[in-house]
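The values are calculated or read from the model by the stated rules, or taken from the named source; none is laboratory data. Remember, predicted model here, so these are calculated numbers, not experimental data. So basically every Cβ, Gly included, is an ideal-geometry build from the backbone, and we count neighbours across all protein chains shown. Calculation scope for accessible area: heavy atoms of the full protein, side chains included, ligands and nucleic acids excluded. Shrake-Rupley method; radii C 1.70, N 1.55, O 1.52, S 1.80 Å.
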Amino acid sequence: MTDVGTDRERGYSVGEVAELTGVTVRSLHHYDQIGLLHPSERSLAGYRFYDQRDLERLQQIVLYRELGFSLASIGSILSNPDVEAAEHLRRQHQLLKDRIGRLEAMVVAVEHMMEVSAMGISLTPEERFEVFGEWSPDDYEEEAKERWGDTDAYSQSQQRVSAYSKEDWVRIKEEGAALDERFAAAMQAGVAVDDTEAMDLAEEHRQQVTRNFYACSLEMQRGLAEMYVTDPRFRARYEKIAAGLAEFVKGAIVANAERAGSKGDD
């Protein structure tokens, strides 16, 4: 047997570690050079071999890198003899939860922009940040235009929102949030989607869209309802408020459309 063999008693070769973890061979060599991750063994020919403890350390490195830590910072963290592996995992768990929370907040803001088709709004950059946070609605103009650009509703919505002030957007955002909370409260109270209370909330939703953006027919509202459950971004927005809310809102909208249809309304 030559020095180049992969006898498991010696550990994993650089190539095997790269294949297992997705970390490139070049990165593994770099980690060795800077003292961040030394392989536990080397063959007589100089080939690196990593044991289980090396792989566990590499997992920590990968997680901290994903969380945005520099290699120098990771080295300092992992070299602290007073911090055990379990503590590293607890820290990373909390950091990941914090990151997920920030990303979920970003998703909600982005989806709000998309839903209201907020393109070309007449706010200064400072006002946009104050109302919507860090995510500019202009970043999503192309997607909305591609989806609905040839519709009358899109043209009507663009015309309206271009004249909205900061105060208008604050009002619209607060109205929508209040209605979402009432939907959630009804669902959590056990109200059925075809109950009058739920259907009235769905009708209020339709009237909000009509009042603020475009004439929203029952059929158009049903299209929105379908998007709320099939598009993961919109679904996440409702699920963040309450688990199952996207389906509840859709059910109430469908029931309201059927109720109105039986009356011959639109």
| task | Return yes or no: is K263 modelled with pLDDT under 80, of a type in the set (K, R), exposed (fewer than 14 other Cβ atoms within 10 Å of the Cβ) and over 24 Å from E104 (Cβ atoms)? | result | yes
| task | Return the total of residues in the stretch 184-208 being over 27 Å from the mean Cα position of the chain (by Cα) and open to solvent by 60 Å² or more (accessible area, probe 1.4 Å). | result | 9
| task | Check the stretch 210-217 and report whether any residue there is within 29 Å of I100 (Cα to Cα) and either open to solvent by 20 Å² or more (accessible area, probe 1.4 Å) or assigned to a helix (DSSP H, G or I) (or both). | result | no
| request: Being hydrophobic (A, V, I, L, M, F, W, C), open to solvent by less than 20 Å² (accessible area, probe 1.4 Å) and part of a helix (DSSP H, G or I) is the filter here, so list the residues in the stretch 230-252 that pass it. | output: F234, L245, A246, F248, V249, A252
| message | When you scan the stretch 19-36, do you find a residue that is aromatic (F, W, Y), closer than 30 Å to R237 by Cα, modelled with pLDDT of 80 or more and part of a helix (DSSP H, G or I), even just one? | response | no
| request: Only one of these is hydrophobic (A, V, I, L, M, F, W, C), at pLDDT below 85, open to solvent by 40 Å² or more (accessible area, probe 1.4 Å) and not in a helix (DSSP H, G or I): V107, V4. Name it. | output: V4
| Restricting the stretch 163-178 to residues that are of a type in the set (G, A, S) and not in a helix (DSSP H, G or I), which is least open to solvent (accessible area, probe 1.4 Å)? | S165
| message | I want to confirm something. Restricting to the stretch 61-75 and keeping residues that are surrounded by 11 or more Cβ atoms within 10 Å (Cβ to Cβ) and within 16 Å of H38 (Cα to Cα), which single residue is farthest from the chain's Cα centre (by Cα)? | response | G75
| request: Name the single residue, out of those in the stretch 9-24 being among the acidic types (D, E) and over 29 Å from the mean Cα position of the chain (by Cα), that is surrounded by the most Cβ atoms within 10 Å (Cβ to Cβ). | output: E16
| query | Checking E181 against (1) open to solvent by 60 Å² or more (accessible area, probe 1.4 Å); (2) of a type in the set (D, E); (3) under 24 Å from Y164 (Cβ atoms); (4) free of Cβ contacts under 8 Å to residues at least 40 places away in the same chain, which single condition isn't satisfied? | reply | (4)
| task | Could you tell me whether the stretch 196-216 includes any residue that is closer than 14 Å to E247 by Cα and touching a residue at least 60 places away in the same chain (Cβ under 8 Å)? | result | yes
